[in-house]
Amino acid sequence: YRVLLYHEIADGQQHALERQLRFLQEYGRFVTLDQVISDIAASAPIDKQHFVVTFDDGYRSLLTNAVRVLDRLGIPATAFLITNKLICKAENQDKRYLSIEDCRTLLGHGITFGSHSHTHEQLAGMTEAGCRLQMTTSKRIIEDTFGAECRHFACPWGIPNVDFVLAREPRLAREAGYLSFLTTVRGAIDQKTDRFSCPRDVLEPEWGNYRLRYFFGA
């Protein structure tokens, strides 16, 4: 498994995103994050290349630019929301981010939501109580607002022992009821991967296909 991480898909980048995803479809199958985490938990055999699409920060471009590409290609995705931004958008404080109604529209397209914390602060510099509050608050807001379980936590920035404490935050995520903790360390996921320290590969849609060949050892 390779978990792809996108952020904002700017106007005009839709075709580049589709180019990348079509290229990867030639080499493997796109599956849900839930399936990956379930397979890790069960130590299920992985018989071929799989990809997962995720988007961090909850930018509105997921709705305006990316979801049509995902629909056209039949690719599922998970969006990790900063719940404070979600609330601010409802108060017209920042129009770059998804509103609650935007998210409800995305649910209709099969997009699932995970937490990217409540305020997108560097967890490593916070107390344990503060980190726990970031996780529990965001989880509660997502579940109460959309009536769907929030099962996955993506750490802001995501570098171990720089942006989060490896010996602490994954444990707090487990205690908060999440099924996974995702980082930004590049790499593949297999049966031996710790689901509370999952790697992800950051991508930019303008990257040429040749830059994606490292997924296959090329």
- Residues of segment 93-125 being open to solvent by less than 40 Å² (accessible area, probe 1.4 Å), of a type in the set (A, V, I, L, M, F, W, C) and over 20 Å from THR32 (Cβ atoms), which ones? LEU123, ALA124
- Are any residues in segment 145-160 in a strand (DSSP E or B) and either aliphatic (A, V, I, L, M) or farther than 19 Å from ILE87 by Cα (or both), and if so, which ones? HIS152, ALA154, PRO160
- Query: How do the pairs read when you match residues in segment 182-196 that are free of Cβ contacts under 8 Å to residues at least 24 places away in the same chain with residues anywhere that are open to solvent by 20 Å² or more (accessible area, probe 1.4 Å), using Cβ under 8 Å and keeping only pairs 6 or more apart or on different chains?
  - Reply: ARG186/VAL202
- Task: Evaluate segment 138-153: report whether one residue or more is crowded, with 21+ Cβ neighbours inside 10 Å, of a type in the set (Phe, Trp, Tyr), under 18 Å from ASP57 (Cα atoms) and in contact with a Phe, Trp or Tyr (Cβ under 6 Å, 6 or more places away or on another chain).
- Result: yes
- Can you run down the residue pairs with Cβ atoms below 6 Å, 6 or more apart or on separate chains, where the first is in segment 116-140 and in a loop (DSSP other than H, G, I, E, B) and the partner is buried (at least 17 other Cβ atoms within 10 Å of the Cβ) and of a type in the set (Phe, Trp, Tyr)? HIS116/PHE80
- Considering each of ASP71, ASP56, ASP39, ASP34 in turn, give the residue that is within 25 Å of GLU204 (Cβ to Cβ), open to solvent by less than 60 Å² (accessible area, probe 1.4 Å) and of a type in the set (D, E, K, R). ASP56
- Note on the structure: Within segment 162-199, restricting to residues that are of a type in the set (Gly, Ala, Ser) and touching a strand residue (DSSP E or B) at 6+ places or on another chain (Cβ under 8 Å), the one that is surrounded by the fewest Cβ atoms within 10 Å (Cβ to Cβ) is GLY187
- Note on the structure: Given the conditions (1) within 16 Å of PHE80 (Cβ to Cβ); (2) out of contact with any helix residue (DSSP H, G or I) (no Cβ under 8 Å at 6 or more places or on another chain), every one holds for ALA129 apart from (1)
- Note on the structure: Here, helices (runs of 4 or more DSSP H) confined to segment 1-105 with at least 2 residues that are over 14 Å from the mean Cα position of the chain (by Cα) and of a type in the set (Gly, Ala, Ser) are 33-41
- For the subset of segment 1-45 comprising residues that are touching a helix residue (DSSP H, G or I) at 6+ places or on another chain (Cβ under 8 Å) and of a type in the set (D, E, K, R), which member is nearest to ASP57 (Cα to Cα)? GLU8
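The values are calculated or read from the model by the stated rules, or taken from the named source; none is laboratory data. Here the structure is a predicted model, which means the values were calculated and not measured. Heads up, the Cβs are rebuilt from the backbone with ideal geometry, glycines too, and the neighbour counts pull from every protein chain shown. For the accessible areas, the whole protein counts, side chains as well, though only heavy atoms, and no ligand, DNA or RNA atoms are used. Shrake-Rupley method; radii C 1.70, N 1.55, O 1.52, S 1.80 Å.
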